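Data block below; observations after.
Each value in this text was obtained by applying a stated rule to the coordinates, not by laboratory testing. Note that the structure is predicted; figures quoted are calculated from it, not measured. Here the Cβ is made from the backbone with ideal geometry for all residues, glycine too, and neighbour counts use every protein chain on show.
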Amino acid sequence: MHHQLIIEKISDILAATDPTYDEKLTQLLDQAPRIFVAGAGRSALVARFFAMRLMHGGYDVYVVGEIVTPSLRSGDLLIVISGSGETETILAFTKRAKELGAVVALLSAKSSSTIGDLADTVFRIGSPEQYGKVIGMPMGTTFELSTLIFLEATIAHIIHEKGIPEEEMRTRHANLE
């Protein structure tokens, strides 16, 4: 029963998400010399998942906070994931990225927020009224799962549009597992 509820809720949210976002996000990714991703809590897990898929697709991508992440430079792209658009650590990253001349894209459940006001682009996943209490999906789960699926669909879009063969992606996959 609950799996069907989750599938239906995420489907509704993705149906309410602007269908041009995958193209717009792909353009940002392709224009960036380097890509940095950040999130807090479960959104950080979604960011890491997305970073891995971008790396498989041949992008130069880093996860903010990892000890091997280089310094951000002007023109780099910072993709931040924050359902509220108010997460303090992500707000601090966003402010610093803007000071350094980076392009900032926010994925959020809200159109307007403190981080959104600083970002160059806001990708609102679903609409705010869709994120009320959902039985079986507590504390932001709806946003994180919807964002994860949106980003995975964007990767599928990129792979399809660029004709990246799976064999090529496999050459970038971790082999020390």
* If we count every other residue with Cβ under 14 angstrom of residue 84's Cβ, Lys/Arg +1 and Asp/Glu -1, where does the sum land? -> -1
* Structure fact -> Here the net charge surrounding residue 154, from other residues whose Cβ is less than 14 Å away from its Cβ (Lys, Arg +1; Asp, Glu -1), is -3
* **Nearby lysines by direct alpha-carbon distance to residue 162 (threshold 27 angstrom, same-chain neighbours under 8 apart not counted)** => 24
* Structure fact -> Dividing the mean separation of Cα pairs under 8 Å (6+ apart) by the residue count of the range 2-165 yields a relative contact order in percent of 26
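How would you rank 94, 69, going from fewest to most other Cβ atoms within 10 Å of each one's own Cβ?
Exposure proxy ranking, most exposed first: 69, 94.
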* Structure fact -> The exposure ranking of 84, 113, 71, 108, fewest beta-carbon neighbours within 10 Å first, is 71, 84, 113, 108
* To do: Before rounding to the nearest 500, sum -39500 (n - 2.57) across all DSSP H runs of length at least 4 in the chain and divide by the residue total; then give [θ] at 222 nm in deg cm²/dmol.
  => -14500 deg cm²/dmol
* Asked: Roughly what would the spin-label model give for residue 6 and residue 69, points 7 Å off Cα along C-beta, in nm?
  -> 2.7
* To do: Would you list which lysines come within 21 Å of residue 9, measuring only between C-alpha atoms, while excluding same-chain residues fewer than 8 positions from it?
  => 110, 133
* **Residues listed by number, the range 70-88, amide nitrogen under 16 Å from residue 100 label point at 7 Å toward C-beta** => 70-81
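Chymotrypsin sites (Phe, Trp or Tyr not before Pro), restricted to the range 1-102: which are DSSP loop and have at most 11 other Cβ atoms within 10 Å? Mind dumping the intermediate values first?
Numbers: sites: 21, 36, 49, 50, 59, 62, 93; in loops: 59.
Answer in residue order: no site qualifies.
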* Asked: Which one is right for this structure if Rg and Dmax of the Cα atoms in Å is calculated from it: (i) 15.9, 49; (ii) 17.3, 66; (iii) 20.6, 64?
  -> (i)
* Asked: Residues with amide H under 5 Å of residue 107's amide H, sequence separation 5 or more or different chain, H placed in the peptide plane at 1.01 Å from N; which?
  -> 80, 81, 82, 123
